[in-house]
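Here is the structure we will look at, set down as structure tokens.
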Amino acid sequence: MAKILIVYHSQTGNTEKMAHAVAKGAKSIEGAEVLLKKAGDATLEDLLTADGLAVGTPENFGYMAGMVKDFFDRTFYHAQEKVFRKPFVVFISAGNDGTGALKAVERIALGYKFKTVYQPVIAKGVITEEILQQCFELGGTIAGGCQMNIY
Ligand SMILES: Cc1cc2nc3c(=O)[nH]c(=O)nc-3n(C[C@H](O)[C@H](O)[C@H](O)COP(=O)(O)O)c2cc1C
């Protein structure tokens, strides 16, 4: 059974909608177990026991949300060498950009040595049905790949 951890922060609900769509996509894979956690509640154990990780953040001041950074700050040292090539995807809600948050998350993912397994979903402005569909696919892809052990 593949366990997918989805860690996100959301202030006004946009990233949260995306996170729920990622979770729905992951749950659509038979046998996948999904753990959806707000970044402030997500623990090192959640990370270590997950087979795949999806991180969602709004872009704030051209960077990831502080709560998502806090999750990385809290887990980095203890997770080092234990999460090598753990499958990873990212989704971002931005007002009009998203590149700063993406770059920052990608740099941190490199530090953990996660393996990015699918292109990021970046929403600019309103969360559309198309974005939610992309998030569904993102969740289905990481869960399906983990379930089939292809990463
Ligand atoms: C403090 C703050 C800073 C922001 N900075 C950016 C930014 O640098 N670039 C951008 O495109 N949007 C920026 N936004 C807009 C948010 O990224 C956008 O509203 C996003 O959808 C919020 O997601 P949430 O509802 O999950 O919190 C900012 C919003 C806030 C509150």
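The values are calculated or read from the model by the stated rules, or taken from the named source; none is laboratory data. Everything quoted here is computed from the prediction, not taken from an experiment. Quick reminder, even Gly has a Cβ in these numbers, built from the backbone with ideal geometry, and neighbours come from all protein chains shown. Only protein heavy atoms, including side chains, enter the accessible area calculation; ligands, DNA and RNA are left aside. Shrake-Rupley method; radii C 1.70, N 1.55, O 1.52, S 1.80 Å.
Here the spin labels are modelled as points 7 Å beyond Cα on the Cα-Cβ line, and at Phe76 and Glu30 they lie 4.2 nm apart. Mean separation of Cα pairs under 8 Å and 6+ residues apart, divided by the residue count of the range 16-68: what relative contact order is that in percent? With pairs under 8 Å counted, the relative contact order is 28 percent.
Note on the chain: the C-alpha convex hull projects to 7.5 nm² when averaged across all orientations.
If Phe61, Phe84, Phe71 are ordered by their accessible area, calculated over protein heavy atoms with a 1.4 Å probe, which sequence runs from highest to lowest? Before the final figure, lay out the partial values.
Working: Phe61 215, Phe84 135, Phe71 0 Å².
The residues order as Phe61, Phe84, Phe71, largest area first.
Loop exposure criterion: GluC sites (Glu not before Pro), DSSP state outside H, G, I, E and B, at most 11 other Cβ atoms within 10 Å. Applied to the chain, the longest stretch between such sites is 82-151. Among beta bridges identified by DSSP and lying wholly in the chain, the antiparallel ones come to about 10 percent. Of the residues Tyr63, Tyr112, ranked by 1.4 Å probe accessible area with the largest first, the sequence reads Tyr63, Tyr112.
Note on exposure: Met1, Met148, Met67, Met18 ranked by accessible area (1.4 Å probe, complete protein assembly) read Met1, Met148, Met67, Met18, with the most exposed listed first. With n ≥ 4 as the cut-off for DSSP H runs, can you work out [θ] at 222 nm for the chain, using -39500 (n - 2.57) per run divided by the number of residues, rounded to the nearest 500? -14500 deg cm²/dmol, from helical runs alone. For the range 145-151, putting each phi into the Karplus relation 6.51 cos²θ - 1.76 cosθ + 1.60 with θ = phi - 60° gives couplings of x, 5, 4, 8, 6, 9, 8 Hz, in residue order, rounded to whole numbers and with x for Gly and Pro. What does the charge count near Ala143 come to, summing +1 for each Lys or Arg and -1 for each Asp or Glu among other residues with Cβ under 13 Å from its Cβ? Summing Lys/Arg as +1 and Asp/Glu as -1 gives -1. At a 1.4 Å probe radius, carbon and sulfur cover how many percent of the accessible area of the range 37-102? Percent of accessible area from carbon and sulfur atoms in the range 37-102: 52.
Rolling a 1.4 Å probe across all protein chains gives Lys82 an accessible area of roughly 130 Å².
Let me have the relative contact order for the chain, percent, based on Cα pairs under 8 Å that are six or more residues apart. Present the calculation step by step, with values, prior to reporting the outcome.
Values: 329 pairs, mean separation 48.9, N = 151.
Dividing the mean separation by the residue count of the chain yields 32 percent.
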